[in-house]
1. Which condition number in (1) at pLDDT 95 or above; (2) under 30 Å from V88 (Cβ atoms) is the one that L130 fails?
2. Restricting attention to segment 227-250, does a residue exist that is buried (at least 18 other Cβ atoms within 10 Å of the Cβ), small (G, A, S) and either farther than 30 Å from V88 by Cβ or modelled with pLDDT of 80 or more (or both)?
3. What are the residues in segment 42-62 that are loosely packed, with under 12 Cβ neighbours inside 10 Å and at pLDDT 55 or above, if any?
4. State all residues of segment 59-90 that are assigned to a helix (DSSP H, G or I) and of a type outside the set (S, T, Y); if no residue qualifies, say none.
5. Of everything in segment 83-106, what is in contact with an Asp or Glu (Cβ under 7 Å, 6 or more places away or on another chain) and either crowded, with 18+ Cβ neighbours inside 10 Å or not hydroxyl-bearing (S, T, Y) (or both)? Give them in sequence order.
6. Regarding segment 210-224, can at least one residue be identified that is at pLDDT 90 or above and surrounded by 17 or more Cβ atoms within 10 Å (Cβ to Cβ)?
7. Name the residues in segment 160-206 that are assigned to a strand (DSSP E or B), touching a residue at least 60 places away in the same chain (Cβ under 8 Å) and exposed (fewer than 15 other Cβ atoms within 10 Å of the Cβ), would you?
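The values are calculated or read from the model by the stated rules, or taken from the named source; none is laboratory data. Fair warning: this is a prediction, and the values are worked out from it, not measured in the lab. Here the Cβ positions follow ideal geometry from the backbone for every residue, glycine too, while neighbour counts run over all protein chains shown.
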Amino acid sequence: PQCMRGVRLAEGILHAPDNGWSNLVYMVNYPKDNKRKMDESDASLAVKVKRAVQKTSDLIVLGLPWKTSEQDLKDYFTTFGEVIMVQVKRDTKTGNSKGFGFVRFTEYETQVKVMSQRHMIDGRWCDCKLPNSKQNADEPLRCRKVFVGRCTEDMSADELRQFFSQFGDVTDVFIPKPFRAFAFVTFADDQIAQSLCGEDLIIKGVSVHISNAEPKHLNSRQQLDRTGRFGSQGGYGNQVYSNWNGRSVGEVAVCNFTGF
């Protein structure tokens, strides 16, 4: 006759019975709720996000009003963190602003935060990004957005945000309507997004696959970055980076998704 016997578990270690393990085969059964928690915990541990020491770079500030001075720019960005340098680019002949400038921060975390959002400066929306010269045209564009496949209808945007926040700062969660069994999650740091790509994670007991939400045509994206440089009301890149239902043109570029 078969029988069940308990094995002592202390501080995460199974202790052998008094007469040893012998040649018996042991099976472990978890309550359903506990198993789900352990699966999610294991999935979290499986993804190790390495935060390398990062150096800050000059950020280009697009869409500045003509009247914005370097002091105005410094006063605004100092609210995010310590500023090393600010510069408003001006015409060498007239001295008038060209509608864009540069800023550099002391801390990399501050740089990431500033790049993750739009900025209202002197009554106009402005964007901060790495200049095109900082990106190698031969390398794929590093994307802060990931594609989450195999989602279920009971997963809400708040639940996805809470789950992925354990890996880093989440700036946006988008679930298409009508429901299509996938979602998009955007991180403030592109390194965190890239580190999750290719992983299978457990959310609410369901295995979801994470892949890169990368632009399908890189050249088209680069072309967008190079066009519309001077808006009709002043500002560098005003046409390209205008708001479209809360999302920039760059973010709604055609994407190629894998792992679904």
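1. Of (1) at pLDDT 95 or above; (2) under 30 Å from V88 (Cβ atoms), only one is false for L130: (1).
2. no
3. Within segment 42-62, D42, K55 meet the criteria.
4. Those that are assigned to a helix (DSSP H, G or I) and of a type outside the set (S, T, Y): E70, Q71, D72, L73, K74, D75, F77.
5. Going residue by residue through segment 83-106, those that are in contact with an Asp or Glu (Cβ under 7 Å, 6 or more places away or on another chain) are 86-88, 98, 102, 104-106.
V86, Q87, V88, K98, F102, R104, F105 - these are the residues of segment 83-106 that are in contact with an Asp or Glu (Cβ under 7 Å, 6 or more places away or on another chain) and either crowded, with 18+ Cβ neighbours inside 10 Å or not hydroxyl-bearing (S, T, Y) (or both).
6. Of all residues in segment 210-224, those at pLDDT 90 or above come to 210-211.
Of the ones still in play, those that are also surrounded by 17 or more Cβ atoms within 10 Å (Cβ to Cβ) are 210-211.
There is at least one residue in segment 210-224 that is at pLDDT 90 or above and surrounded by 17 or more Cβ atoms within 10 Å (Cβ to Cβ).
7. Of everything in segment 160-206, just one residue is assigned to a strand (DSSP E or B), touching a residue at least 60 places away in the same chain (Cβ under 8 Å) and exposed (fewer than 15 other Cβ atoms within 10 Å of the Cβ), namely D200.
Rundown of residues vs (1) modelled with pLDDT of 95 or more; (2) more than 25 Å from S211 (Cα to Cα), yes/no style:
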site: S97; (1), (2): no, yes
site: G101; (1), (2): no, yes
site: V112; (1), (2): no, no
site: N136; (1), (2): no, no
site: R150; (1), (2): no, no
site: M155; (1), (2): yes, no
